[in-house]
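A.B. asks: Mind looking over this structure? Questions follow.
The values are calculated or read from the model by the stated rules, or taken from the named source; none is laboratory data. Remember, it's a predicted structure, so these values are computed and weren't measured experimentally. Cβ sites come from the backbone with ideal geometry, for glycine too, and all protein chains shown count toward neighbours. Keep in mind that these areas ignore ligands, DNA and RNA; they rest on the heavy atoms of the full protein, side chains included. Shrake-Rupley method; radii C 1.70, N 1.55, O 1.52, S 1.80 Å.
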Amino acid sequence: MIEDLPEDTEEAQPRSQAMIMLTGLYLFLLVMTVMSYGQPVPFFGRILEGRAAQIFIGLDSLVCLHLFLGLLKRQRLTWYLLLSYNGYEVLNTLVNLWLVPRKELERILERTIDPGGMLFSNLCTVGIVLWISWVIRRQREQFTNHSPYLF
């Protein structure tokens with residue numbers, strides 16, 4: 001029965017361990033994004049608070065939901081969206097690191113921040129996101145669903 005299926009179906013090409021891990025990672029990202037609803041959010045050098053932060057987190061949660069479902073469905077469009085989203089995350093992190101004043105972060109967090117630790121943790125985050133993007137790029141053949149629709 002499986003011999004009759006076209007080559008690009010999910011049954012003909014089992015899910016790789018990397019795809020399973022990526023799906024779990026983006027589920028975790030979705031949960032963490034939803035849990036941050038109502039918190040201040042750094043966005044390209046500005047700190048969004050209040051209603052603006054809630055709207056931003058709501059939209060970001062929808063994007064993360066689409067990425068998670070797209071990974072589950074192995075949608076080809078999701079491959080491009082994952083790389084674009086990770087690019088946005090890297091750029092946003094670097095711009096925030098450069099433009100958001102440490103005093104502003106200390107005001108929001110209500111504690112002092114070690115500048116060296118902040119630099120190190122942000123650069124580690126950028127490195128991890130770039131590594132994840134490399135893994136996603138190598139998994140392109142796993143995205144076999146060419147439908148533009150999730151459902």
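A.B. asks: May I ask you to evaluate 6.51 cos²θ - 1.76 cosθ + 1.60, the Karplus curve with θ = phi - 60°, for each residue of segment 25-36 and list the ³J(HN,Hα) values in order in whole Hz, giving x for glycine and proline?
C.D. replies: Karplus-based 3J(HN,Hα) across segment 25-36 equals 4, 6, 5, 4, 4, 4, 4, 5, 5, 4, 5, 8 Hz.
A.B. asks: Still on this structure, I have one more. Gln54 to Val95: extension gain in nm, 0.36 nm per residue of separation minus the Cα-Cα distance?
C.D. replies: Value of the extension gain: 12.7 nm.
A.B. asks: At Leu119 and Arg15, where each label point lies 7 Å from the Cα along Cα→Cβ, what is the point-to-point distance in nanometres?
C.D. replies: Label-label distance for Leu119 and Arg15, simple model: 4.2 nm.
A.B. asks: Moving on to the next point. Give me the percent of the accessible area of the chain that comes from carbon and sulfur atoms, probe 1.4 Å, all protein chains in place.
C.D. replies: 66 percent
A.B. asks: Can you figure out the FRET efficiency of Glu110 with Phe28, using R₀ = 22 Å and their beta-carbon distance, to the nearest 0.05?
C.D. replies: My answer for the efficiency is 0.25.
A.B. asks: Can you match Kirkwood radius over Cα pairs in Å to one of these, [x] 16.6; [y] 17.2; [z] 25.9, based on a calculation from the structure here?
C.D. replies: Of the listed options [x] 16.6; [y] 17.2; [z] 25.9, [y] comes from this structure.
A.B. asks: Taking the Cα centre of the chain as origin and charging only Cβ (+1 Lys, Arg; -1 Asp, Glu), how large is the dipole, in debye to the nearest 20?
C.D. replies: Numbers: 13 positive and 14 negative charges, 111 e Å.
Dipole size: approximately 540 debye.
A.B. asks: Per residue, how much accessible area does segment 73-136 have with a 1.4 Å probe, in Å²?
C.D. replies: The answer is 61 Å² per residue.
A.B. asks: Quick check on segment 109-151: take the gyration tensor over C-alpha atoms, sort the square-rooted eigenvalues as a ≥ b ≥ c, and tell me if it's rounded (a/c under 1.5), prolate or oblate.
C.D. replies: Judged from the Cα gyration tensor, segment 109-151 comes out oblate (a/c at least 1.5, b/c at or above a/b).
A.B. asks: Let me have the 222 nm mean residue ellipticity of the chain computed from DSSP H runs of 4+ only, each contributing -39500 (n - 2.57), with the sum over all residues rounded to the nearest 500.
C.D. replies: -22500 deg cm²/dmol
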